[in-house]
Protein chains: 2
Amino acid sequence: MKVLSAKGIKGQIQEELKSAVDDIKEKNVQPTLAVVLVGDDPASAIYVKGKQKDCELLGIKSILKQLPQETTQKQLLDVIGELNEDSSVNGILCQVPLPDQCDEAEVMRTILPEKDVDCFHPYNVGLLTSGKPNFMPCTPFGILQILKRYGYDVKGKNVTIIGRSNIVGRPLSVLLSLKGWDATVTVCHSRTEDIKGICQQADILVAAIGRAKFVTADFVKKGAILVDVGMNRIDDPTHPKGSRLVGDIDYEGIKEIAEAATPVPGGVGVMTRSMLMFNTINAARLQNGMDPFEI
Amino acid sequence: MKVLSAKGIKGQIQEELKSAVDDIKEKNVQPTLAVVLVGDDPASAIYVKGKQKDCELLGIKSILKQLPQETTQKQLLDVIGELNEDSSVNGILCQVPLPDQCDEAEVMRTILPEKDVDCFHPYNVGLLTSGKPNFMPCTPFGILQILKRYGYDVKGKNVTIIGRSNIVGRPLSVLLSLKGWDATVTVCHSRTEDIKGICQQADILVAAIGRAKFVTADFVKKGAILVDVGMNRIDDPTHPKGSRLVGDIDYEGIKEIAEAATPVPGGVGVMTRSMLMFNTINAARLQNGMDPFEI
């Protein structure tokens, strides 16, 4: 079984992104991403650091707005409002989860659609669903990049997605069935009857359900391509931390059946971050009257 | 095979809509729909008349803005702008197709989302995709009404949709897989390999491809429910007009296999119009600080 690691393609993508940043800088535009981080969730802090590092590597300026745990919704919206009005800021993202007193949906609706590099604003989700996206949903587009760069065409293929979240399953299902991608997509979820039987027919199976080792060998058709979006922490006393990250796929027994699979960690998650950079560069391009670039 | 005619359920729906109109009128709100008709396409004129008649029957006020064939995009947007600003107008729809000099997508984006009773604005499409719709896409929601009122639950069922248009296939696929509806949805289209094989597994098969008699008996699983969204005019010298309307399903041979099917005409098309009325009443409710009503 081939391992579709992010490592194998990340260098290539970085070069393309770097060259796009250099290109736009030559036109005197400094692409800039503002990240809003509310509270002191340690995982969120790590994610934000990762995004800042990605910016730095590419020459994208990153601004961090760090707000205390007790920030009110009004205060948060005011910060978003300032970033919306600041024309030097091209992209804005607000790290989730937010503290309980904040309303995530309202925050997402408040970020200007042209700066919404996470592609969470309903307007951008609607453009995507209608087949005319300005921005790409980061995780779904990262998955398409992995498949494309490892030489797997999705056109006409039966793609089954397990999970219907607004971050992965649903936007991925929409994207894959658009003209140009042309996959035949099935979305399974917790209410699906005979989920195994449906998955067994997939040429490409995407697990995005958030349950450790949910997908076992008996879900998989001989020769299928597997994409694992899961990030589940499970106890493991043999590990230094006492736990480790696993995906939604139980790789036991799958090696003999699948043609290829993305690993966890080192697969989809890494790509997601690169796609955020891609959207940020395109936000800067669109705001400066340039056509978007493609990867 | 049971025939799932609109006639069998329309009276019931009309009563519910009528009672919702009466209810809002008692609160001194006159629900009002503005229809913009550009040019002299005879089919469009008939559709618009139908919508006006539906309004009249329910006590919804309808306003017709009839514009000449040579209307410019600017003139059209100005009319939309006036209707947006007119607080007595709750819903706005612009009949398509528009003349070539007009840009349909821009028109749809210009109608205020809170008055977009066709649910074509990207913001409303995005709210739908994210599971929090303000308005329902009319044809998809009409299909759900037929199934529900004839006693067919979609929860957990395998629903296959042939067609991925922005008016029917795609919004229907999104709606059906949302929490609460909980169907397992597959979307097929022109690039799908083995379309027959996939359709044969459907508990509910929706044909929305716009090709006369495309779905033949060999697409259909024993006991399946068929929904026909097609409206294709074919030559028929035995008919007074020399032609007649047929759906996307070839009913020949299907009677012995399917459990039930919607007819054409007299099926989905009729429901679409009622759902427009539903959205118009809810637009009036939402704009006057009331919760939406449900059917």
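The values are calculated or read from the model by the stated rules, or taken from the named source; none is laboratory data. Just so we're clear, the structure is a prediction, and the values are computed from it rather than from any experiment. Here the Cβ is made from the backbone with ideal geometry for all residues, glycine too, and neighbour counts use every protein chain on show. Surface areas here come from the heavy atoms of the whole protein model, side chains and all, with no ligands, DNA or RNA. Shrake-Rupley method; radii C 1.70, N 1.55, O 1.52, S 1.80 Å.
Only helices reaching 24 angstrom along their own axis (Cα) with mean Kyte-Doolittle hydropathy no lower than -1.0 count here, and for the DSSP H runs of chain B these are B:7-26, B:42-58, B:268-287.
Restricting to the range A:207-295, what percent of DSSP beta bridges are antiparallel, rounded to 5? Approximately 50 percent, going by the DSSP bridge assignments.
Taking a straight line from the alpha carbon of B:K222, these lysines sit under 23 Å away, with near neighbours fewer than eight places off in the same chain left out: A:K196, B:K2, B:K148, B:K155, B:K157, B:K196, B:K213, B:K255. Averaged over the residues of A:130-136, the number of partner chain Cβ atoms lying within 10 Å of the residue Cβ comes to 3.
With the helix formula -39500 (n - 2.57) applied to DSSP H stretches of n ≥ 4, chain B reaches a computed 222 nm mean residue ellipticity of -11500 deg cm²/dmol. Among A:F135, B:F214, the sequence by solvent-accessible area, most first, with a 1.4 Å probe is B:F214, A:F135. Start at zero, step by 20 Å, and the Cα-Cα distances of the protein assembly as shown spread as 19, 50, 29, 2, 0 percent across the bins. Summary of packing: across the peptides B:265-278, B:39-52, the per-residue average of other C-beta atoms within 10 Å ranks them, highest first, as B:265-278, B:39-52. Using a cutoff of 8 angstrom between alpha carbon atoms and counting only pairs six or more residues apart, the relative contact order for the range A:27-114 works out to 40 percent.
Given a 1.4 Å probe and the protein chains as shown, A:D235 ends up with an accessible area of around 140 Å².
The candidates B:T216, B:T186, A:T238, arranged from most to least accessible area with a 1.4 Å probe in the full protein assembly, appear as A:T238, B:T216, B:T186.
Shape class for chain B, computed from the alpha carbon gyration tensor (a ≥ b ≥ c): prolate, with a/c not under 1.5 and a/b above b/c. Computed over protein heavy atoms with a 1.4 angstrom probe, the accessible surface ordering of B:V168, B:V96, largest first, is B:V96, B:V168.
Extending 7 Å from Cα along the Cβ direction at B:M231 and again at A:T216 yields two label points whose distance is 5.0 nm.
Over the range A:128-200, with every protein chain in place, what whole percent of the accessible area is carbon and sulfur at 1.4 Å, could you tell me? The value for the range A:128-200 is 49 percent carbon and sulfur by accessible area.
Inter-chain Cβ neighbour count for B:167-174, averaged per residue, equals 3 (cutoff 10 Å, partner chain atoms only). The packing ranking, built from the mean of other Cβ atoms within 10 Å per residue, places the peptides A:257-263, A:279-285 in the order A:279-285, A:257-263, highest first. Normalised by the number of residues in chain A, the average gap of Cα pairs under 8 Å and 6 or more apart makes the relative contact order 20 percent.
With a/c under 1.5 counting as rounded, go ahead and sort the range A:138-270 into rounded, prolate or oblate using the C-alpha gyration tensor (a ≥ b ≥ c being the square roots of the eigenvalues; past the cut-off, prolate if a/b is larger than b/c, else oblate). Because a/c hits 1.5 or more and a/b exceeds b/c, the range A:138-270 counts as prolate. Take B:D78, move 7 Å from Cα toward the beta carbon, and the resulting point lies 4.3 nm from the same point in each other copy, nearest first.
For the range B:27-114, a Kirkwood hydrodynamic radius built from all Cα pairs, placed in the Stokes-Einstein relation at 4 °C and 1.567 mPa s, yields a translational diffusion coefficient of 97 µm²/s. Remark: label point of A:S243 defined 7 Å out from Cα along the Cα-Cβ vector; separations to the same position in other copies 6.5 nm, ascending.
Rounded to the nearest 0.05, what FRET efficiency is calculated for A:E70 and B:D103 with R0 set to 51 Å and r the Cβ-Cβ distance?
On the way: r = 48 Å, r/R0 = 0.93.
Once rounded, the FRET efficiency stands at 0.60.
Note on the range B:96-136 and the range A:171-209: Cα centroid distance 27 Å, given to the nearest whole angstrom. Sorted from closest to farthest, the other copies place their A:Q66 label points 6.7 nm away, with each point set 7 Å from Cα along Cα→Cβ. Taking every DSSP bridge with both residues inside the range A:138-270, close to 20 percent are antiparallel.
When peptides B:12-23, A:114-125, B:62-73 are ranked by their average number of other Cβ atoms within 10 Å per residue, the highest-first order is A:114-125, B:12-23, B:62-73. Applying 1/(1 + (r/R0)^6) with R0 = 22 Å to the Cβ-Cβ distance of B:N288 and B:E56 gives a FRET efficiency near 0.50. Averaged over the residues of peptide A:253-265, the number of Cβ atoms from other protein chains lying within 10 Å of each residue's Cβ is 0.
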